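Novice: A single structure is presented below for examination.
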Amino acid sequence: MRSIGELARASGLTVSALRFYDSAGVLVPALVDPVTGYRWYTDDQVAPARLVAGLRRVGMPVPEIAAAVRSEPAAVHRLLDAHLRRLEDGLADARRELSRIRTLVGPEEPAVATRLMLSRTDLARAVDAVRFAVGTDPELPVLTGVLLDVEPDAVRLVATDRHRLALARADAARTEGPAVRVLVPAGFVDEVRALLDTGAGSTPEAHLTVEGTRVAVSVAGRSASATALPYDFPDYRRLVRAATGDGPAHRIPVDAAALRAALRRPDAPTVARDHDGVPVAVTVLGLDDRGGLRLLDPGEGGPDGGLRIGVNGDYLLDALDAAGGTQLVLELDGPIAPLAVRRPDDEESFSILMPIRL
(Lines give C-alpha, C1' and ligand atoms only; values in the text may rest on other atoms or scores of the structure.)
Protein backbone atom coordinates (compact mmCIF):
# COMPACT_ATOMS: atom_id res chain seq x y z
CA MET A 1 0.00 0.00 0.00
CA ARG A 2 1.12 3.57 -0.73
CA SER A 3 0.42 6.60 1.40
CA ILE A 4 -1.17 9.65 -0.20
CA GLY A 5 2.23 11.37 -0.22
CA GLU A 6 3.85 8.43 -1.99
CA LEU A 7 1.11 8.36 -4.62
CA ALA A 8 1.49 12.12 -5.09
CA ARG A 9 5.21 11.71 -5.83
CA ALA A 10 4.57 8.75 -8.16
CA SER A 11 1.77 10.39 -10.13
CA GLY A 12 2.59 14.09 -10.30
CA LEU A 13 -0.61 15.06 -8.50
CA THR A 14 -0.44 17.13 -5.33
CA VAL A 15 -1.76 15.76 -2.05
CA SER A 16 -4.56 18.32 -2.10
CA ALA A 17 -5.48 17.27 -5.66
CA LEU A 18 -5.67 13.62 -4.56
CA ARG A 19 -7.97 14.61 -1.73
CA PHE A 20 -10.14 16.53 -4.21
CA TYR A 21 -10.36 13.60 -6.64
CA ASP A 22 -11.26 11.33 -3.73
CA SER A 23 -14.13 13.61 -2.70
CA ALA A 24 -15.24 13.83 -6.36
CA GLY A 25 -15.30 10.04 -6.64
CA VAL A 26 -12.67 10.02 -9.40
CA LEU A 27 -9.79 8.32 -7.58
CA VAL A 28 -10.98 6.73 -4.35
CA PRO A 29 -8.36 5.27 -1.95
CA ALA A 30 -8.30 1.51 -1.58
CA LEU A 31 -8.33 1.96 2.20
CA VAL A 32 -9.03 4.79 4.64
CA ASP A 33 -7.83 4.23 8.20
CA PRO A 34 -10.95 4.60 10.37
CA VAL A 35 -8.92 5.99 13.28
CA THR A 36 -6.43 8.36 11.62
CA GLY A 37 -8.31 9.06 8.38
CA TYR A 38 -5.10 8.37 6.41
CA ARG A 39 -5.69 7.39 2.78
CA TRP A 40 -3.89 4.35 1.36
CA TYR A 41 -3.60 3.34 -2.30
CA THR A 42 -2.52 0.20 -4.14
CA ASP A 43 0.18 -0.03 -6.79
CA ASP A 44 -2.57 -0.58 -9.38
CA GLN A 45 -3.79 2.96 -8.72
CA VAL A 46 -0.54 4.61 -9.83
CA ALA A 47 -1.39 4.39 -13.56
CA PRO A 48 -4.93 5.82 -13.13
CA ALA A 49 -3.48 8.61 -10.98
CA ARG A 50 -0.96 9.45 -13.72
CA LEU A 51 -3.81 9.45 -16.24
CA VAL A 52 -5.75 11.88 -14.03
CA ALA A 53 -2.67 14.10 -13.74
CA GLY A 54 -2.26 14.25 -17.52
CA LEU A 55 -5.92 14.96 -18.19
CA ARG A 56 -5.89 17.62 -15.47
CA ARG A 57 -2.91 19.35 -17.13
CA VAL A 58 -4.79 19.65 -20.44
CA GLY A 59 -7.88 21.03 -18.72
CA MET A 60 -10.31 18.14 -19.18
CA PRO A 61 -13.48 18.60 -17.08
CA VAL A 62 -13.74 16.49 -13.92
CA PRO A 63 -16.77 14.42 -15.11
CA GLU A 64 -14.85 13.39 -18.24
CA ILE A 65 -11.73 12.60 -16.20
CA ALA A 66 -13.91 10.34 -14.05
CA ALA A 67 -15.27 8.65 -17.18
CA ALA A 68 -11.77 8.19 -18.61
CA VAL A 69 -10.50 6.47 -15.46
CA ARG A 70 -13.34 3.94 -15.66
CA SER A 71 -13.39 3.38 -19.44
CA GLU A 72 -11.75 1.05 -21.94
CA PRO A 73 -8.95 2.51 -24.12
CA ALA A 74 -11.23 3.03 -27.17
CA ALA A 75 -13.65 5.13 -25.12
CA VAL A 76 -10.77 7.12 -23.61
CA HIS A 77 -9.46 7.92 -27.09
CA ARG A 78 -12.91 9.22 -28.06
CA LEU A 79 -12.94 11.45 -24.98
CA LEU A 80 -9.47 12.74 -25.90
CA ASP A 81 -10.55 13.47 -29.48
CA ALA A 82 -13.61 15.38 -28.28
CA HIS A 83 -11.56 17.40 -25.79
CA LEU A 84 -8.92 18.18 -28.42
CA ARG A 85 -11.61 19.49 -30.76
CA ARG A 86 -12.90 21.74 -27.97
CA LEU A 87 -9.39 23.06 -27.36
CA GLU A 88 -8.85 23.70 -31.08
CA ASP A 89 -12.20 25.46 -31.38
CA GLY A 90 -11.38 27.57 -28.36
CA LEU A 91 -7.98 28.46 -29.79
CA ALA A 92 -9.55 29.35 -33.14
CA ASP A 93 -12.09 31.61 -31.39
CA ALA A 94 -9.32 33.25 -29.38
CA ARG A 95 -7.24 33.84 -32.52
CA ARG A 96 -10.20 35.44 -34.30
CA GLU A 97 -10.87 37.69 -31.32
CA LEU A 98 -7.19 38.66 -31.03
CA SER A 99 -7.13 39.40 -34.76
CA ARG A 100 -10.13 41.70 -34.28
CA ILE A 101 -8.37 43.39 -31.36
CA ARG A 102 -5.19 43.87 -33.39
CA THR A 103 -7.27 45.57 -36.07
CA LEU A 104 -8.66 47.95 -33.45
CA VAL A 105 -5.19 48.69 -32.07
CA GLY A 106 -3.61 49.20 -35.49
CA PRO A 107 -0.52 47.65 -37.11
CA GLU A 108 2.64 47.32 -35.04
CA GLU A 109 4.83 47.82 -38.08
CA PRO A 110 4.44 47.47 -41.86
CA ALA A 111 4.46 43.86 -43.02
CA VAL A 112 7.53 42.78 -44.97
CA ALA A 113 6.65 41.04 -48.22
CA THR A 114 8.20 37.73 -49.23
CA ARG A 115 8.35 37.09 -52.97
CA LEU A 116 9.32 33.95 -54.86
CA MET A 117 9.70 33.24 -58.56
CA LEU A 118 8.85 29.58 -59.22
CA SER A 119 8.54 27.26 -62.16
CA ARG A 120 4.83 27.04 -62.89
CA THR A 121 5.31 23.38 -63.82
CA ASP A 122 6.99 22.61 -60.48
CA LEU A 123 4.33 24.52 -58.53
CA ALA A 124 1.53 22.72 -60.38
CA ARG A 125 3.17 19.36 -59.65
CA ALA A 126 3.50 20.28 -55.96
CA VAL A 127 -0.18 21.28 -55.74
CA ASP A 128 -1.23 18.03 -57.40
CA ALA A 129 0.93 16.06 -54.96
CA VAL A 130 -0.76 17.40 -51.81
CA ARG A 131 -4.30 18.52 -52.72
CA PHE A 132 -5.86 15.09 -52.11
CA ALA A 133 -4.83 15.11 -48.43
CA VAL A 134 -6.62 18.34 -47.44
CA GLY A 135 -9.13 17.76 -44.64
CA THR A 136 -12.85 18.48 -44.97
CA ASP A 137 -13.98 18.07 -41.34
CA PRO A 138 -15.61 21.38 -40.27
CA GLU A 139 -14.74 20.55 -36.67
CA LEU A 140 -11.03 20.63 -37.61
CA PRO A 141 -10.72 23.87 -39.63
CA VAL A 142 -6.95 23.91 -39.13
CA LEU A 143 -6.73 20.95 -41.52
CA THR A 144 -8.93 22.44 -44.28
CA GLY A 145 -6.10 24.30 -46.00
CA VAL A 146 -2.63 23.84 -47.43
CA LEU A 147 0.44 25.05 -45.55
CA LEU A 148 2.90 27.11 -47.59
CA ASP A 149 6.23 26.87 -45.79
CA VAL A 150 8.50 29.34 -47.56
CA GLU A 151 12.20 28.55 -47.18
CA PRO A 152 15.17 30.58 -48.46
CA ASP A 153 15.22 28.72 -51.80
CA ALA A 154 11.85 26.98 -52.11
CA VAL A 155 8.27 26.65 -50.93
CA ARG A 156 7.08 23.45 -49.31
CA LEU A 157 3.40 22.53 -49.54
CA VAL A 158 1.87 20.36 -46.80
CA ALA A 159 -1.65 18.99 -46.25
CA THR A 160 -3.16 16.45 -43.86
CA ASP A 161 -6.57 15.22 -42.75
CA ARG A 162 -5.16 13.12 -39.84
CA HIS A 163 -5.45 9.87 -41.83
CA ARG A 164 -2.90 10.89 -44.48
CA LEU A 165 -0.25 13.54 -44.91
CA ALA A 166 1.28 14.81 -48.16
CA LEU A 167 4.34 16.98 -48.76
CA ALA A 168 5.86 18.48 -51.90
CA ARG A 169 8.50 21.09 -52.66
CA ALA A 170 8.87 23.60 -55.49
CA ASP A 171 12.31 25.19 -55.86
CA ALA A 172 12.51 28.96 -56.28
CA ALA A 173 14.58 30.62 -58.99
CA ARG A 174 14.58 33.82 -56.96
CA THR A 175 13.52 34.70 -53.39
CA GLU A 176 13.13 38.06 -51.64
CA GLY A 177 12.14 38.63 -48.03
CA PRO A 178 12.07 36.53 -44.87
CA ALA A 179 11.02 32.91 -44.45
CA VAL A 180 7.33 32.65 -43.65
CA ARG A 181 4.60 30.06 -43.07
CA VAL A 182 0.99 30.64 -44.08
CA LEU A 183 -2.04 28.37 -44.20
CA VAL A 184 -4.12 29.06 -47.31
CA PRO A 185 -7.70 27.93 -48.03
CA ALA A 186 -8.26 24.92 -50.26
CA GLY A 187 -10.39 27.05 -52.58
CA PHE A 188 -7.45 29.38 -53.17
CA VAL A 189 -5.21 26.41 -53.94
CA ASP A 190 -7.73 25.20 -56.54
CA GLU A 191 -7.86 28.67 -58.05
CA VAL A 192 -4.07 28.77 -58.26
CA ARG A 193 -3.98 25.32 -59.89
CA ALA A 194 -6.38 26.49 -62.62
CA LEU A 195 -4.32 29.65 -63.04
CA LEU A 196 -1.16 27.62 -63.60
CA ASP A 197 -2.81 25.96 -66.61
CA THR A 198 -3.95 29.29 -68.06
CA GLY A 199 -2.05 30.49 -71.09
CA ALA A 200 0.32 27.52 -71.04
CA GLY A 201 3.53 28.33 -72.87
CA SER A 202 3.20 32.11 -72.55
CA THR A 203 5.55 32.25 -69.56
CA PRO A 204 7.27 29.50 -67.57
CA GLU A 205 7.25 31.39 -64.26
CA ALA A 206 4.78 31.83 -61.43
CA HIS A 207 5.20 34.52 -58.78
CA LEU A 208 4.21 33.90 -55.14
CA THR A 209 3.86 36.86 -52.76
CA VAL A 210 3.16 36.69 -49.02
CA GLU A 211 2.60 40.00 -47.24
CA GLY A 212 1.18 39.74 -43.76
CA THR A 213 -1.96 37.64 -44.03
CA ARG A 214 -2.36 38.24 -47.77
CA VAL A 215 -1.14 35.62 -50.22
CA ALA A 216 -1.12 36.00 -54.01
CA VAL A 217 0.06 33.99 -57.01
CA SER A 218 0.39 35.58 -60.45
CA VAL A 219 0.98 33.91 -63.81
CA ALA A 220 1.22 35.64 -67.19
CA GLY A 221 -0.47 38.82 -65.94
CA ARG A 222 -3.33 37.02 -64.17
CA SER A 223 -3.47 36.54 -60.41
CA ALA A 224 -5.31 34.90 -57.52
CA SER A 225 -5.22 36.12 -53.92
CA ALA A 226 -6.59 35.13 -50.53
CA THR A 227 -6.34 35.84 -46.82
CA ALA A 228 -4.43 33.22 -44.84
CA LEU A 229 -6.41 31.05 -42.44
CA PRO A 230 -5.96 32.10 -38.77
CA TYR A 231 -4.81 28.71 -37.48
CA ASP A 232 -1.53 27.13 -36.40
CA PHE A 233 -0.90 24.15 -38.67
CA PRO A 234 0.45 21.04 -36.91
CA ASP A 235 4.22 20.61 -36.70
CA TYR A 236 4.50 18.49 -39.84
CA ARG A 237 8.23 17.95 -39.42
CA ARG A 238 7.62 16.24 -36.09
CA LEU A 239 4.80 14.22 -37.63
CA VAL A 240 7.05 13.08 -40.46
CA ARG A 241 9.84 12.12 -38.07
CA ALA A 242 7.38 10.15 -35.94
CA ALA A 243 5.91 8.42 -38.99
CA THR A 244 9.15 7.50 -40.76
CA GLY A 245 11.26 6.72 -37.70
CA ASP A 246 14.72 5.32 -38.41
CA GLY A 247 13.84 4.11 -41.88
CA PRO A 248 11.39 1.54 -43.23
CA ALA A 249 11.84 -2.20 -43.03
CA HIS A 250 10.80 -2.56 -46.67
CA ARG A 251 11.29 -0.24 -49.68
CA ILE A 252 9.33 -1.86 -52.49
CA PRO A 253 9.46 -0.58 -56.10
CA VAL A 254 6.00 -0.84 -57.66
CA ASP A 255 4.56 -0.45 -61.13
CA ALA A 256 2.12 2.37 -60.36
CA ALA A 257 -0.19 1.65 -63.31
CA ALA A 258 -0.41 -2.06 -62.46
CA LEU A 259 -1.13 -1.34 -58.78
CA ARG A 260 -3.81 1.21 -59.69
CA ALA A 261 -5.44 -1.31 -62.00
CA ALA A 262 -5.34 -4.02 -59.32
CA LEU A 263 -6.93 -1.70 -56.74
CA ARG A 264 -9.68 -0.64 -59.18
CA ARG A 265 -10.66 -4.16 -60.22
CA PRO A 266 -14.29 -4.95 -59.26
CA ASP A 267 -13.11 -8.19 -57.66
CA ALA A 268 -10.15 -6.63 -55.83
CA PRO A 269 -9.85 -8.39 -52.43
CA THR A 270 -10.83 -6.29 -49.41
CA VAL A 271 -11.67 -6.76 -45.76
CA ALA A 272 -14.69 -4.97 -44.23
CA ARG A 273 -13.79 -2.92 -41.15
CA ASP A 274 -15.51 -0.23 -39.09
CA HIS A 275 -13.19 2.79 -38.90
CA ASP A 276 -14.22 5.80 -36.77
CA GLY A 277 -17.83 4.62 -37.04
CA VAL A 278 -17.74 4.41 -40.85
CA PRO A 279 -17.63 1.12 -42.80
CA VAL A 280 -14.43 0.90 -44.86
CA ALA A 281 -13.31 -1.61 -47.48
CA VAL A 282 -9.75 -2.26 -46.34
CA THR A 283 -7.08 -3.34 -48.80
CA VAL A 284 -4.52 -5.73 -47.33
CA LEU A 285 -0.95 -5.39 -48.59
CA GLY A 286 1.67 -8.08 -48.30
CA LEU A 287 4.81 -9.38 -49.95
CA ASP A 288 5.12 -12.07 -52.56
CA ASP A 289 7.82 -14.75 -52.64
CA ARG A 290 10.28 -12.37 -54.31
CA GLY A 291 9.72 -9.46 -51.94
CA GLY A 292 7.37 -7.62 -54.29
CA LEU A 293 4.04 -6.07 -53.33
CA ARG A 294 0.76 -7.95 -53.70
CA LEU A 295 -2.85 -7.62 -52.55
CA LEU A 296 -3.81 -10.34 -50.09
CA ASP A 297 -7.16 -12.10 -49.91
CA PRO A 298 -9.18 -11.83 -46.66
CA GLY A 299 -7.68 -14.12 -44.05
CA GLU A 300 -4.62 -14.83 -46.18
CA GLY A 301 -1.26 -14.48 -44.47
CA GLY A 302 1.88 -13.15 -46.04
CA PRO A 303 4.63 -15.55 -47.12
CA ASP A 304 5.62 -17.62 -44.08
CA GLY A 305 3.11 -15.66 -41.99
CA GLY A 306 4.86 -12.40 -42.87
CA LEU A 307 3.85 -8.80 -43.42
CA ARG A 308 0.12 -7.87 -43.62
CA ILE A 309 -0.83 -4.18 -43.63
CA GLY A 310 -4.38 -2.84 -43.88
CA VAL A 311 -4.97 0.48 -45.64
CA ASN A 312 -7.91 2.41 -47.03
CA GLY A 313 -7.75 1.41 -50.70
CA ASP A 314 -9.29 4.69 -51.91
CA TYR A 315 -6.68 6.66 -49.96
CA LEU A 316 -3.92 4.57 -51.48
CA LEU A 317 -5.32 5.22 -54.96
CA ASP A 318 -5.42 8.96 -54.22
CA ALA A 319 -1.77 8.87 -53.13
CA LEU A 320 -0.72 6.91 -56.24
CA ASP A 321 -2.58 9.29 -58.55
CA ALA A 322 -1.13 12.34 -56.79
CA ALA A 323 2.42 10.99 -57.04
CA GLY A 324 2.10 10.43 -60.78
CA GLY A 325 4.82 8.65 -62.69
CA THR A 326 5.06 5.02 -63.74
CA GLN A 327 7.46 3.76 -61.07
CA LEU A 328 6.93 4.51 -57.39
CA VAL A 329 8.31 3.22 -54.10
CA LEU A 330 6.18 2.06 -51.16
CA GLU A 331 7.81 2.08 -47.75
CA LEU A 332 6.32 -0.42 -45.31
CA ASP A 333 7.24 -1.15 -41.72
CA GLY A 334 4.53 -3.15 -39.99
CA PRO A 335 0.80 -3.54 -39.41
CA ILE A 336 0.49 -0.46 -37.17
CA ALA A 337 3.21 1.73 -38.71
CA PRO A 338 2.42 4.41 -41.31
CA LEU A 339 3.30 3.61 -44.91
CA ALA A 340 4.80 6.06 -47.39
CA VAL A 341 4.39 6.52 -51.13
CA ARG A 342 7.38 8.11 -52.84
CA ARG A 343 8.67 9.00 -56.28
CA PRO A 344 12.13 7.51 -56.77
CA ASP A 345 13.30 10.72 -58.48
CA ASP A 346 12.00 13.17 -55.85
CA GLU A 347 12.77 12.57 -52.17
CA GLU A 348 11.14 15.88 -51.23
CA SER A 349 7.63 14.90 -52.38
CA PHE A 350 5.82 12.01 -50.74
CA SER A 351 2.68 11.04 -48.84
CA ILE A 352 2.12 9.08 -45.64
CA LEU A 353 -0.96 6.95 -44.99
CA MET A 354 -2.10 5.70 -41.61
CA PRO A 355 -2.79 1.94 -41.54
CA ILE A 356 -6.07 0.36 -40.42
CA ARG A 357 -5.70 -2.32 -37.80
CA LEU A 358 -6.80 -5.70 -39.17
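The values are calculated or read from the model by the stated rules, or taken from the named source; none is laboratory data. Here the structure is a predicted model, which is why all the values come from computation and not from measurement. Cβ: placed from backbone, ideal geometry, glycine included. Neighbour counts: every protein chain shown. In case anyone asks, the SASA skips ligands and DNA or RNA and just uses the protein heavy atoms, side chains included. Shrake-Rupley method; radii C 1.70, N 1.55, O 1.52, S 1.80 Å.
Novice: Of these, Asp81, Asp43, which one is out of contact with any Ser or Thr (no Cβ under 7 Å at 6 or more places or on another chain) and under 30 Å from Glu6 (Cα atoms)?
Specialist: Details: Asp81 fails: under 30 Å from Glu6 (Cα atoms).
One residue alone meets the criteria, Asp43.
Novice: Pick from the stretch 333-353 the residues that are in contact with an Asp or Glu (Cβ under 7 Å, 6 or more places away or on another chain) and closer than 22 Å to Ala268 by Cβ: which of them is surrounded by the fewest Cβ atoms within 10 Å (Cβ to Cβ)? Don't jump to the end; show me each part of the working.
Specialist: Within the stretch 333-353, the subset in contact with an Asp or Glu (Cβ under 7 Å, 6 or more places away or on another chain) is 339-340, 342.
Checking the rest, the ones that are also closer than 22 Å to Ala268 by Cβ come to 339-340.
On the way: Leu339: 23, Ala340: 21.
So the residue we want is Ala340.
Novice: Quick one: which residue in Leu140, Leu104, Leu147 is hydrophobic (A, V, I, L, M, F, W, C), open to solvent by 20 Å² or more (accessible area, probe 1.4 Å) and farther than 30 Å from Leu18 by Cα? First the steps, then the outcome.
Specialist: Numbers: Leu140 fails: open to solvent by 20 Å² or more (accessible area, probe 1.4 Å); Leu147 fails: open to solvent by 20 Å² or more (accessible area, probe 1.4 Å).
Of Leu140, Leu104, Leu147, the one residue that is hydrophobic (A, V, I, L, M, F, W, C), open to solvent by 20 Å² or more (accessible area, probe 1.4 Å) and farther than 30 Å from Leu18 by Cα is Leu104.
Novice: Which condition number does Met117 fail, the rest of (1) closer than 19 Å to Arg214 by Cα; (2) modelled with pLDDT under 90 being met?
Specialist: (2)
Novice: Please enumerate the residues belonging to the stretch 196-213 that are touching a helix residue (DSSP H, G or I) at 6+ places or on another chain (Cβ under 9 Å) and crowded, with 17+ Cβ neighbours inside 10 Å. Walk me through how you get there before you give the answer.
Specialist: Restricting attention to the stretch 196-213, the residues satisfying the condition of being touching a helix residue (DSSP H, G or I) at 6+ places or on another chain (Cβ under 9 Å) are 196-197, 200, 203-206, 208, 213.
Across the stretch 196-213, the qualifying residues are Leu196, Ala206, Leu208.
Novice: Looking at the stretch 266-279, which of the residues that are closer than 22 Å to Val254 by Cβ and surrounded by 12 or more Cβ atoms within 10 Å (Cβ to Cβ) is modelled with the lowest pLDDT? Show your work before the answer.
Specialist: Restricting attention to the stretch 266-279, the residues satisfying the condition of being closer than 22 Å to Val254 by Cβ are 266-271.
Then keep just the ones that are surrounded by 12 or more Cβ atoms within 10 Å (Cβ to Cβ); that gives 268-271.
Values: Ala268: 90, Pro269: 89, Thr270: 89, Val271: 86.
The extreme case among them is Val271.
Novice: Only one residue in Leu330, Leu358, Leu287 is surrounded by fewer than 19 Cβ atoms within 10 Å (Cβ to Cβ) and outside the structural domain of Arg169 (by the TED database), so which one is that? Please lay out each step first, then the result.
Specialist: Working: Leu330 fails: surrounded by fewer than 19 Cβ atoms within 10 Å (Cβ to Cβ); Leu287 fails: surrounded by fewer than 19 Cβ atoms within 10 Å (Cβ to Cβ).
Every option except Leu358 fails the conditions.
Novice: Could we say that Asp190 is in the same structural domain as Val134 (by the TED database), at pLDDT 85 or above, surrounded by fewer than 16 Cβ atoms within 10 Å (Cβ to Cβ) and of a type outside the set (Gly, Ala, Ser) here? I'd like the intermediate steps shown before the answer.
Specialist: Numbers: in the same structural domain as Val134 (by the TED database): yes; at pLDDT 85 or above: yes; surrounded by fewer than 16 Cβ atoms within 10 Å (Cβ to Cβ): yes; of a type outside the set (Gly, Ala, Ser): yes.
Judged against the criteria, Asp190 is a match.
Novice: Give me the residue from the stretch 12-60 that is hydroxyl-bearing (Ser, Thr, Tyr) and at pLDDT 90 or above and, out of that set, most open to solvent (accessible area, probe 1.4 Å). Steps first, answer last, please.
Specialist: Step one: list which residues in the stretch 12-60 are hydroxyl-bearing (Ser, Thr, Tyr), which gives 14, 16, 21, 23, 36, 38, 41-42.
Right, trim to at pLDDT 90 or above and you get 14, 16, 21, 23, 38, 41-42.
Details: Thr14: 70, Ser16: 76, Tyr21: 7, Ser23: 96, Tyr38: 137, Tyr41: 0, Thr42: 43 Å².
Checking each candidate, the answer is Tyr38.
Novice: Could you tell me whether any residue of the stretch 19-36 is among the charged types (D, E, K, R), over 30 Å from Val150 (Cβ atoms) and part of a loop (DSSP other than H, G, I, E, B)?
Specialist: Step one: filter the stretch 19-36 for residues among the charged types (D, E, K, R), giving 19, 22, 33.
Then keep just the ones that are over 30 Å from Val150 (Cβ atoms); that gives 19, 22, 33.
Of the ones still in play, those that are also part of a loop (DSSP other than H, G, I, E, B) are 33.
Checking the stretch 19-36: at least one residue is among the charged types (D, E, K, R), over 30 Å from Val150 (Cβ atoms) and part of a loop (DSSP other than H, G, I, E, B).
Novice: Let me ask something else about it. Within the stretch 29-77, track down each residue that is among the acidic types (Asp, Glu) and within 27 Å of the chain's Cα centre (by Cα).
Specialist: Of the residues in the stretch 29-77, the ones among the acidic types (Asp, Glu) are 33, 43-44, 64, 72.
Scanning the stretch 29-77 gives Glu64, Glu72.
Novice: Here's another thing I want to ask about it. Considering the stretch 1-11 alone, what residues qualify as being loosely packed, with under 15 Cβ neighbours inside 10 Å and not hydrophobic (A, V, I, L, M, F, W, C)? Spell out how you get there, then give the answer.
Specialist: Keep residues of the stretch 1-11 that are loosely packed, with under 15 Cβ neighbours inside 10 Å, which gives 1, 3, 5-6, 9.
If the condition is that a residue be loosely packed, with under 15 Cβ neighbours inside 10 Å and not hydrophobic (A, V, I, L, M, F, W, C), then Ser3, Gly5, Glu6, Arg9 are the ones that fit.
Novice: Which numbered condition in (1) at pLDDT 85 or above; (2) closer than 22 Å to Asp318 by Cβ; (3) among the hydroxyl-bearing types (Ser, Thr, Tyr) is the only one that Thr244 fails?
Specialist: (1)
Novice: Which condition does Asp314 not pass, out of (1) surrounded by fewer than 16 Cβ atoms within 10 Å (Cβ to Cβ); (2) in a strand (DSSP E or B); (3) under 24 Å from the mean Cα position of the chain (by Cα); (4) at pLDDT 80 or above, if it passes all the others?
Specialist: Failing condition for Asp314: (2).
Novice: Please determine whether any residue of the stretch 214-221 is surrounded by 17 or more Cβ atoms within 10 Å (Cβ to Cβ) and under 27 Å from Arg85 (Cα atoms).
Specialist: no
Novice: Can you tell me how many residues within the stretch 317-358 are charged (D, E, K, R) and either within 22 Å of Ala272 (Cβ to Cβ) or in a loop (DSSP other than H, G, I, E, B) (or both)?
Specialist: Start the filter on the stretch 317-358 by keeping residues that are charged (D, E, K, R), which leaves 318, 321, 331, 333, 342-343, 345-348, 357.
Adding the requirement that they be either within 22 Å of Ala272 (Cβ to Cβ) or in a loop (DSSP other than H, G, I, E, B) (or both) leaves 318, 333, 345, 357.
Qualifying residue count for the region: 4.
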